[in-house]
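Engineer: Mind looking over this structure? Questions follow.
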Amino acid sequence: AVLLADATILSLVDDRVLDGLSAAGAPYDLIEIGDDQIIGDDNTCGSSSEIYANLHAWTSGPDAILKAKRIGGRINEILSTPFDFEGFRMSSAVFDGARYFSDTDETDADTLVGHGVITHRFRVHPLP
């Protein structure tokens, strides 16, 4: 929801911020949400979890890799500030890293594809 509320993201991918299943076969350019790891970290002080979230930027065209990097940079700006979401309070939001790849579309060898994998780490606590 925080990505779809951002005018820059909307200008880059329209409303194509999709989960892994709905992203398959969707037209470029898009952001795919998926590949999360959640690590429990409960202790005597309370309950919390650390979440590693990978977001994928998929783009096409002659400047595909630059567009993927532009999308990744904006994702980083948005997700580096803690925000609360349904049932949880976020106490930290940290950019963990990004990797960018160039390739060709598997169905059209003449179409250049940019792929960015942007990873963020969040510490979350359930709301009472």
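The values are calculated or read from the model by the stated rules, or taken from the named source; none is laboratory data. The model shown is predicted, which means the values in this text are computed figures rather than measured ones. Quick reminder, even Gly has a Cβ in these numbers, built from the backbone with ideal geometry, and neighbours come from all protein chains shown. Quick note on the areas: whole protein, heavy atoms, side chains included, nothing else; ligands and nucleic acids left out. Shrake-Rupley method; radii C 1.70, N 1.55, O 1.52, S 1.80 Å.
Engineer: Determine whether G46 is modelled with pLDDT under 90 and farther than 17 Å from V117 by Cβ.
Structural biologist: Judged against the criteria, G46 is a match.
Engineer: Among the residues of region 42-65, which ones are under 19 Å from the mean Cα position of the chain (by Cα), surrounded by fewer than 17 Cβ atoms within 10 Å (Cβ to Cβ) and small (G, A, S)?
Structural biologist: Scanning region 42-65 gives a single hit, S49.
Engineer: Considering only region 1-17, state which residues are without any contact (Cβ under 8 Å) to a residue 60 or more places away in the chain, more than 11 Å from W58 (Cα to Cα) and of a type in the set (A, V, I, L, M).
Structural biologist: Of everything in region 1-17, those that are without any contact (Cβ under 8 Å) to a residue 60 or more places away in the chain, more than 11 Å from W58 (Cα to Cα) and of a type in the set (A, V, I, L, M) turn out to be L4, A5, A7, L10.
Engineer: Would you mind finding the one in S80, S102 that is loosely packed, with under 15 Cβ neighbours inside 10 Å, within 18 Å of L3 (Cα to Cα) and of a type outside the set (D, E)? Let's see the steps before the verdict.
Structural biologist: Details: S102 fails: within 18 Å of L3 (Cα to Cα).
From the options S80, S102, the qualifying one is S80.
Engineer: Looking only at region 3-20, count every residue that is within 16 Å of I118 (Cα to Cα) and loosely packed, with under 14 Cβ neighbours inside 10 Å and tell me the total.
Structural biologist: Number satisfying all stated conditions: 2.
Residue by residue, here is whether (1) of a type in the set (G, A, S); (2) within 14 Å of the chain's Cα centre (by Cα); (3) modelled with pLDDT of 95 or more holds:
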| position | (1), (2), (3) |
| --- | --- |
| D19 | no, yes, no |
| I31 | no, yes, yes |
| K67 | no, no, yes |
| D84 | no, no, no |
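Engineer: Another question about this same structure. Select from region 105-128 the residues that are in contact with a strand residue (DSSP E or B) (Cβ under 7 Å, 6 or more places away or on another chain) and over 25 Å from D41 (Cα atoms) and write down the one among them that is most open to solvent (accessible area, probe 1.4 Å).
Structural biologist: Among those residues, the one meeting the criterion is L112.
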